[in-house]
Number of protein chains: 2
Amino acid sequence: MPIGRWAPVSHPDVATVEVDEVLKALADPTRRQIVRLLMTDGDRPCGTFGLPVAASTLSHHFRTLRKAGILRQYDDGRQRMNTLRLDELDRRFPGLVRAVLDAG
Amino acid sequence: MPIGRWAPVSHPDVATVEVDEVLKALADPTRRQIVRLLMTDGDRPCGTFGLPVAASTLSHHFRTLRKAGILRQYDDGRQRMNTLRLDELDRRFPGLVRAVLDAG
């Protein structure tokens with residue numbers, strides 16, 4: 001893989017995402033913290049979340065959130081950026097993500 | 001075990017239940033259906049939910065919901081009854097259960 005390139009990633013159509021997958025993705029405190037940081041601070045690169053977990057674990061968390069339709073990843077030069085898909089999710093599951101984040 | 005007696009069951013203090021456990025318990029359509037039926041129809045025995053799953057699977061679902069603090073089981077003669085702990089859960093996680101049920 002050339003420097004500055006990441007493996008391409010796919011993003012599900014939120015219309016096809018099941019609530020089970022969203023709940024499982026959010027049933028983890030580190031993943032909820034990722035969502036919270038994106039919600040409050042906006043888009044950011046994977047390496048800047050300051051979470052006390054190994055890079056491989058963090059990579060798994062981002063993948064889980066991406067496959068559940070919760071975030072979208074895109075490349076910005078050498079950085080893999082993350083952005084929440086909250087508007088899309090809210091149209092499909094109104095209030096769900098916020099209710100979960102409010103719960104802890 | 002004498003006829004009409006069930007193995008004793010324990011119920012967690014909802015104050016000790018983590019949101020992860022509630023989300024995982026609700027990340028299953030059959031378990032959400034159990035919760036919905038209890039919400040609309042009130043207390044009922046395990047055998048009366050009319051769900052298309054094996055008895056052992058159903059037993060697992062009830063146990064998962066009980067351990068997550070979502071329902072309470074009690075014996076009424078030969079029947080094991082189920083009751084929702086929605087008021088307790090709502091005090092700990094306001095609006096969470098309804099937001100999940102509304103989602104699907």
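A few notes on this one:
- Of all residues making up the range A:27-55, the number that are under 30 Å from B:Thr30 (Cα atoms) and away from every other protein chain (no Cβ under 14 Å): 1
- Single residue of the range B:83-102 satisfying the filter (of a type in the set (A, V, I, L, M, F, W, C) and outside any helix (DSSP H, G or I)) that is surrounded by the most Cβ atoms within 10 Å (Cβ to Cβ): B:Phe93
- Any hit, the range B:8-26, residues being within 14 Å of chain A (Cβ to nearest Cβ), at pLDDT 95 or above, more than 12 Å from the chain's Cα centre (by Cα) and in a loop (DSSP other than H, G, I, E, B): yes
- Selection within the range A:25-55 - surrounded by fewer than 18 Cβ atoms within 10 Å (Cβ to Cβ), under 22 Å from B:Leu96 (Cα atoms) and basic (Lys, Arg): A:Arg36
- Unique match (being out of contact with any Pro (no Cβ under 6 Å at 6 or more places or on another chain), touching a residue at least 12 places away in the same chain (Cβ under 8 Å), within 12 Å of chain B (Cβ to nearest Cβ) and within 28 Å of B:Ala99 (Cα to Cα)) among A:Leu86, A:Leu96, A:Leu71, A:Leu58: A:Leu96
- Single residue of the range A:27-82 satisfying the filter (of a type in the set (Ser, Thr, Tyr) and in a helix (DSSP H, G or I)) that is nearest to A:Ala7 (Cα to Cα): A:Ser59
- Residue that is surrounded by the most Cβ atoms within 10 Å (Cβ to Cβ), among those in the range B:63-73 that are over 28 Å from A:Thr16 (Cα atoms) and out of contact with any Ser or Thr (no Cβ under 7 Å at 6 or more places or on another chain): B:Gly69
The values are calculated or read from the model by the stated rules, or taken from the named source; none is laboratory data. Remember, predicted model here, so these are calculated numbers, not experimental data. As a convention, Cβ positions derive from the backbone with ideal geometry for all residues, glycine included, and neighbour counts pool all protein chains shown.
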